[in-house]
Number of protein chains: 6
Amino acid sequence: MDLPTVCERYDERLSPGEYADVDASANGLQVGPDEGDVETVAFAVDAAGATIDAAVERGADLLVVHHGLSWGGIDRVTGLDYDRIAPLVEHDLALYAMHLPLDGHDDLGNAAGVADLLELEAREPFGEIGPVTIGQRGRAAEPFAPDELATLLESELDTGGEGVQHFDFGPDEIEDVAVVTGGGADWLEDAIDAGVDAFVTGEGKGKVYHQARDAGVNVFLGGHYATETFGVRALQDLAEEWGLETTYVDHPTGL
Amino acid sequence: MDLPTVCERYDERLSPGEYADVDASANGLQVGPDEGDVETVAFAVDAAGATIDAAVERGADLLVVHHGLSWGGIDRVTGLDYDRIAPLVEHDLALYAMHLPLDGHDDLGNAAGVADLLELEAREPFGEIGPVTIGQRGRAAEPFAPDELATLLESELDTGGEGVQHFDFGPDEIEDVAVVTGGGADWLEDAIDAGVDAFVTGEGKGKVYHQARDAGVNVFLGGHYATETFGVRALQDLAEEWGLETTYVDHPTGL
Amino acid sequence: MDLPTVCERYDERLSPGEYADVDASANGLQVGPDEGDVETVAFAVDAAGATIDAAVERGADLLVVHHGLSWGGIDRVTGLDYDRIAPLVEHDLALYAMHLPLDGHDDLGNAAGVADLLELEAREPFGEIGPVTIGQRGRAAEPFAPDELATLLESELDTGGEGVQHFDFGPDEIEDVAVVTGGGADWLEDAIDAGVDAFVTGEGKGKVYHQARDAGVNVFLGGHYATETFGVRALQDLAEEWGLETTYVDHPTGL
Amino acid sequence: MDLPTVCERYDERLSPGEYADVDASANGLQVGPDEGDVETVAFAVDAAGATIDAAVERGADLLVVHHGLSWGGIDRVTGLDYDRIAPLVEHDLALYAMHLPLDGHDDLGNAAGVADLLELEAREPFGEIGPVTIGQRGRAAEPFAPDELATLLESELDTGGEGVQHFDFGPDEIEDVAVVTGGGADWLEDAIDAGVDAFVTGEGKGKVYHQARDAGVNVFLGGHYATETFGVRALQDLAEEWGLETTYVDHPTGL
Amino acid sequence: MDLPTVCERYDERLSPGEYADVDASANGLQVGPDEGDVETVAFAVDAAGATIDAAVERGADLLVVHHGLSWGGIDRVTGLDYDRIAPLVEHDLALYAMHLPLDGHDDLGNAAGVADLLELEAREPFGEIGPVTIGQRGRAAEPFAPDELATLLESELDTGGEGVQHFDFGPDEIEDVAVVTGGGADWLEDAIDAGVDAFVTGEGKGKVYHQARDAGVNVFLGGHYATETFGVRALQDLAEEWGLETTYVDHPTGL
Amino acid sequence: MDLPTVCERYDERLSPGEYADVDASANGLQVGPDEGDVETVAFAVDAAGATIDAAVERGADLLVVHHGLSWGGIDRVTGLDYDRIAPLVEHDLALYAMHLPLDGHDDLGNAAGVADLLELEAREPFGEIGPVTIGQRGRAAEPFAPDELATLLESELDTGGEGVQHFDFGPDEIEDVAVVTGGGADWLEDAIDAGVDAFVTGEGKGKVYHQARDAGVNVFLGGHYATETFGVRALQDLAEEWGLETTYVDHPTGL
């Protein structure tokens, strides 16, 4: 399959245009020529030295990531940016990145992946950023005890040994859950206003503790990396459906 | 001592005016009347339900914090804001907050406190934000081994049981160290450009791992709370010098 | 009736969300807890020391005003803001404010109240601010002589003894009238472009005299306070319909 | 004297460049050719139909005003702008305007004129707008009783019959006085913070009454026109010193 | 026909309101009174000394142009602006300007005029600026050879002797053509992305050469003036249909 | 010489930091690694396919240009950007760009080069952009006749056959000359205000003709490329002084 076709197919499924005003990430093809053949696609959460090297070693023609290299434009192709872009160019490895659209997608998104894990029902979009959303909200089939939910997340997420941090300030029965993966701490306030029993995100921020405590809500921090492997894995499944060879570069960060 | 005098003395030492353009926090007196007597002063890192309640219980007239309640203005005195402001008003407890000026102060600041802990020498301001700085940089009297530095931080910081996270990607001998306390991850890039051996901050962010790895620098995450107790404790020392009764409200958050 | 219910009912009638982008006022509940019982509601044009004291004396649980305390956020709860907010908190008196939506409402609004007084017909919204309007325009059932209109306004408005100021530069028969209450001088230009015979507002501004003179239009300045009692009185009527006890705190300012 | 020379002389005395960032008025020559002879100069507070007609009748070559015609640019030379600019062009009457620099000038300014009237001593600049000031502050040689000050202003200012409005909420002895002429109501807050006994300005605004009442300060509203005749009269004196014929177009507005 | 009627008719056809957010030009009547009779209308591309003088000499009551005098407001009616506005006022010559709406109009526009010249078919709007467009795109009835297209443009456009500049980097058969008249160089990138064979505009810019060369596209620069005579001529035709006397002031600039 | 040293030396001479707020160009090293050896340096006005290919062919390690590849950040390394960056990476050719600082430099700059050509004396900076300047102004040793000046420019500038365009609207003796190279048409107005006899720039713009005609000033358009070869040639001289091998890639554009 040629490179523009792969990109177009992903673009069509993920509608990056709707997120263009709110996402600093230049979503879509970030590094690569106008044409080229794609046989093997590598997938990773982050585009960085380790994952690019792995993709090169595995002979990939395209690396698909959640966190790319262009955030509001690459000012200069120097320093770390040079070190990451040069091997892409030298090894004819194109880079495709998809940030917020892959967080919020109802079906393929990172938050949808966490919601699947928790088997949430009656789902709806959550976590507004401008006119779009980057999370999911739903109800547990049966209420979770807070510890039970923490244990489930800890056993299923790839936290790099850091575990799941739980602020146990909410109700003892968790039915209504909101999820914003990655760095979602700023949406805790919306989750509180929405009256959920628990908020699941990746990274914390200092203010989260007292917000959760004063509002009486459970907060689970599963890690930025660990909560954001779902989206790229869903894109990997698509690539396999299209008949491409794929490989997943797992590189948990402990963050 | 009357309330305006206490505020003036702190304001004079900390020069919040120089940080006014870059700090969302309304630094200085945040809640309180134009006059009043101060006998007992409570100190805490965060102004929130738990710390305000403790200050009330200990009979304080003034609560001095690093993280206050007004960040770009209080839109409405409702919800969590009401729950935090109402006890202040009802118990005649004034609130004084000092954010970035207390991070960056050469002598009283949070970063200076960490630098003291590491006995850094030849110190200079680090971590620019607009025309001011919020961190410190210095040289170890004798080089640290990375593990040694991690152990030192872990034993001295009040991390609420979460420990210190260490990304061991830098040189084996750490001499040159940059410190930005709290949420300082965005200054890792400046630390890399400055060529330090190690960067110490409070909270991480997903991107820190690969930045540190690709640049070859040690990063230590000591926790937002744990790295920011130094400033308010220094203000407590001042209050004692002025003859006021003081009390420290310790409430580690694990973040 | 509980406090959130009262607020919701007013919010539903007045649609503050439509004015959110153009109104500096934080419309809705401005000071108060998440729950509480409301038996007695006080109404006033302005939230200030005099009106808050009166509402406290009359045992009100809620004070509803046109001009509240939060205009683009309360930077600090100190000085005059402390002096106004503290008695609200101490006496469990909530504060609900509604600014532009209560100027422009077709039925309950201040401009509608003036239009009622003048018995204007064929009314339509007037006075654009962004996508919404804050005034009314209509035709007199029978043309007014300019003096007659001045006398009518002077006898019906609560001008605090300052009277109505009339710039008698327009036609001798007034049929077409535009109204923007309060500080509406900036809309005189729109009124001129619309070709009205008279413009009624509250406060003047230096430039109004020559604008009116050069354009040949009657201008009547009835006072900021005096032209803006209609909206809160209409909200008082609603509260009575809902079975609440009410009281109106009259405090004309002469402005 | 030729037109560019007159303009240059005024520009040199008034330094409009220092106010360029904060003044919407295009200060300096607003309408007129690059050259021309000036024999007679007319002076008025406002550039409008009445004052332009009077200047034409009196055979002036130049009209000098405080309030000109260009506020952030003239979008179109149509409507009222055409009606004001056309007679200037047709009668070879140039227009020179000087707004904020003529409010704040220590010597020639409107506020200085009011301060002279009150014989204030120990004067200093007051009323910051960006990096400059538009008012004056000083101490009465002997304290005024509030009524006495009101009477003095009323007898000396050209209020067009509207009188001086006095909010009698301050101390009974007035020593410390701040002055911002014209539409200075927004600086009442600074006057309160500065701890003056009285604030003198031209126009009010609805919020002034309660601000003055709650803060306990005297406020005197002398009228926009009436408090702003001093500056242009001082420029008239300069023109006479330069040997030009002058005429003052008095047109009080009652605002 | 009276002046407001002429303006209204043009406004209705050209919908300047849709371009208001993106066009610095104050489109519509730019200089003139609220009423007046129009018998003779002059048309020109630019409002400037030469064209205004010609219109005066020909006894016009109204001058209709593509490039007017108000671009984001006239700061002062002095210097060149005075020299251009004064004769308009003195000779009762009104000025009507229409910028981007007359570039992009499907039927009357400048780009449509060039497309007519090239007999392009299957036309569609091209050249987005915010929510509107200022150009046209279409297919040649029969493919042009590049030289043939250059010759056609050169023979039909009024280039003031400067000729048409052709960057011959595209395909040898030109079918798909995009047109943005005047200063359209910034839309070359959109034309490249759209995959056209040739881009026709007025003025170049330094970067155009290498953009065209690296992308492999033909670029034709016909001159700012020469590509923008079509719109005002179309407005002249309308005026004749309305029974007005008309005259075209031709003044090519060589740019 | 190693790459960082070459870059530092140029940076020191050209002070790009002073232009950072007004120059969209990312001045300095734009593409390249943190280290590397430089033996041969190529120089060109523009970084584009043709000049990069030539530099590669000539075995250069570094290409120094006036117009680089990053203007406000490279959004994606795709399309034309990929085609230009890929050969740089693949052939270990670093790219150093210097835009406005090389226009305005008193000694090395493009405008200084044109001023040298015209042997202007009593030179001073001209052409303000924010706090810096990008042009030069000076007096001819002996007055030029306009034709003489045109002929001189035409014979010395590398216009790619397009010649120099002269608007002959100014005085017959040219003494006072202002120069802004490249796209300097927007500074014609400043040149008129400064009262020069002639303005020399690279590219025109439609409005230049009538501005020059109405103001009575000579304007010479020498071409964007042709007026901007001086700066990079001056940098080439520096490199030779440092003992590096150099080569100039001449590629006139006709613009």
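The values are calculated or read from the model by the stated rules, or taken from the named source; none is laboratory data. Note that this is a predicted model, so its numbers are computed, not measured. Backbone-built Cβ (ideal geometry, glycine too); neighbour counts: all protein chains shown. Note: accessible area is taken over every heavy atom of the protein model, side chains too, but ligands, DNA and RNA are not part of it. Shrake-Rupley method; radii C 1.70, N 1.55, O 1.52, S 1.80 Å.
Table for the structure above
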| read-out | value |
| --- | --- |
| Residue in the stretch B:132-173 that is most open to solvent (accessible area, probe 1.4 Å), counting only those that are within 14 Å of another protein chain (Cβ to nearest Cβ) and more than 24 Å from B:Thr229 (Cβ to Cβ) | B:Asp168 |
| Members of the stretch E:5-36 that are more than 14 Å from E:Tyr96 (Cα to Cα), in contact (Cβ under 8 Å) with a residue 24 or more places away in the chain and within 14 Å of another protein chain (Cβ to nearest Cβ) | E:Asp21, E:Asp23, E:Ala24 |
| Scope the stretch B:191-206; condition facing chain A (nearest Cβ under 8 Å) and open to solvent by less than 10 Å² (accessible area, probe 1.4 Å); matching residues | B:Gly202 |
| Residue, farthest from the other protein chains (Cβ to nearest Cβ), within the stretch D:72-127, restricted to residues that are within 23 Å of D:Gly182 (Cα to Cα) and of a type in the set (Phe, Trp, Tyr) | D:Phe126 |
| Leading residue by the ranking (most open to solvent (accessible area, probe 1.4 Å)) among those in the stretch B:177-190 that are within 11 Å of another protein chain (Cβ to nearest Cβ) and either among the acidic types (Asp, Glu) or in contact with a Lys or Arg (Cβ under 8 Å, 6 or more places away or on another chain) (or both) | B:Glu189 |
| From D:Leu93, D:Leu118, residue being open to solvent by less than 10 Å² (accessible area, probe 1.4 Å), in contact with a strand residue (DSSP E or B) (Cβ under 7 Å, 6 or more places away or on another chain) and within 21 Å of D:Arg9 (Cβ to Cβ) | D:Leu93 |
| Qualifying residue in the stretch C:71-88 (condition: open to solvent by 20 Å² or more (accessible area, probe 1.4 Å) and farther than 21 Å from B:Gly73 by Cα) | no |
| Checklist (1) buried (at least 23 other Cβ atoms within 10 Å of the Cβ); (2) over 19 Å from C:Gly231 (Cβ atoms) applied to C:Asp53, failing item | (1) |
| Checklist (1) open to solvent by 10 Å² or more (accessible area, probe 1.4 Å); (2) within 14 Å of chain D (Cβ to nearest Cβ); (3) touching a Phe, Trp or Tyr at 6+ places or on another chain (Cβ under 8 Å) applied to C:Gln236, failing item | (2) |
| Residue list for the stretch C:3-50, restricted to those being of a type in the set (Ser, Thr, Tyr) and either surrounded by fewer than 19 Cβ atoms within 10 Å (Cβ to Cβ) or more than 19 Å from C:Val232 (Cβ to Cβ) (or both) | C:Thr5, C:Ser15, C:Thr40 |
| Hits in the stretch C:162-186 - residues which are part of a loop (DSSP other than H, G, I, E, B) and either assigned by TED's automatic domain parsing to the domain that holds C:His66 or at pLDDT 95 or above (or both) | C:Val164, C:Phe169, C:Gly170, C:Pro171, C:Asp172, C:Glu173, C:Thr181, C:Gly182, C:Gly183, C:Gly184 |
| Residues satisfying the stated conditions in the stretch E:187-232, i.e. charged (D, E, K, R), in a helix (DSSP H, G or I) and out of contact with any Phe, Trp or Tyr (no Cβ under 7 Å at 6 or more places or on another chain) | E:Glu189, E:Asp190, E:Asp193, E:Asp214, E:Glu228 |
| Among (1) on the phi > 0 side of the Ramachandran plot; (2) within 18 Å of the chain's Cα centre (by Cα), the one test that F:Thr133 misses | (1) |
| Neighbours by Cβ (under 9 Å, 6+ apart or cross-chain): first from the stretch B:70-95, free of Cβ contacts under 8 Å to residues at least 60 places away in the same chain and on the phi > 0 side of the Ramachandran plot; second surrounded by fewer than 16 Cβ atoms within 10 Å (Cβ to Cβ) and in a helix (DSSP H, G or I) | B:Gly79/A:Asp193 |
| Top-ranked residue in the stretch B:211-222 [being open to solvent by 10 Å² or more (accessible area, probe 1.4 Å) and not aliphatic (A, V, I, L, M); ranked as nearest to B:Leu120 (Cα to Cα)] | B:Gly216 |
| Count of residues meeting criterion [over 20 Å from the mean Cα position of the chain (by Cα) and either among the aromatic types (Phe, Trp, Tyr) or within 16 Å of C:Tyr10 (Cβ to Cβ) (or both)] in the stretch C:41-82 | 3 |
| Verdict on A:Gly113 being part of a strand (DSSP E or B) and buried (at least 19 other Cβ atoms within 10 Å of the Cβ) | no |
| Yes/no for F:Asp34 being assigned to a helix (DSSP H, G or I) and closer than 21 Å to A:Asp83 by Cβ | no |
| Filtered residues of the stretch E:121-131 (kept if open to solvent by 50 Å² or more (accessible area, probe 1.4 Å) and either modelled with pLDDT under 95 or of a type outside the set (Lys, Arg) (or both)) | E:Glu121, E:Ala122, E:Glu124, E:Pro125, E:Glu128, E:Gly130, E:Pro131 |
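Residue by residue, here is whether (1) in a helix (DSSP H, G or I); (2) out of contact with any strand residue (DSSP E or B) (no Cβ under 7 Å at 6 or more places or on another chain) holds:
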residue: A:Leu108; (1), (2): no, yes
residue: A:Glu128; (1), (2): no, yes
residue: A:Pro143; (1), (2): no, no
residue: A:Thr151; (1), (2): yes, yes
residue: A:Gly160; (1), (2): no, yes
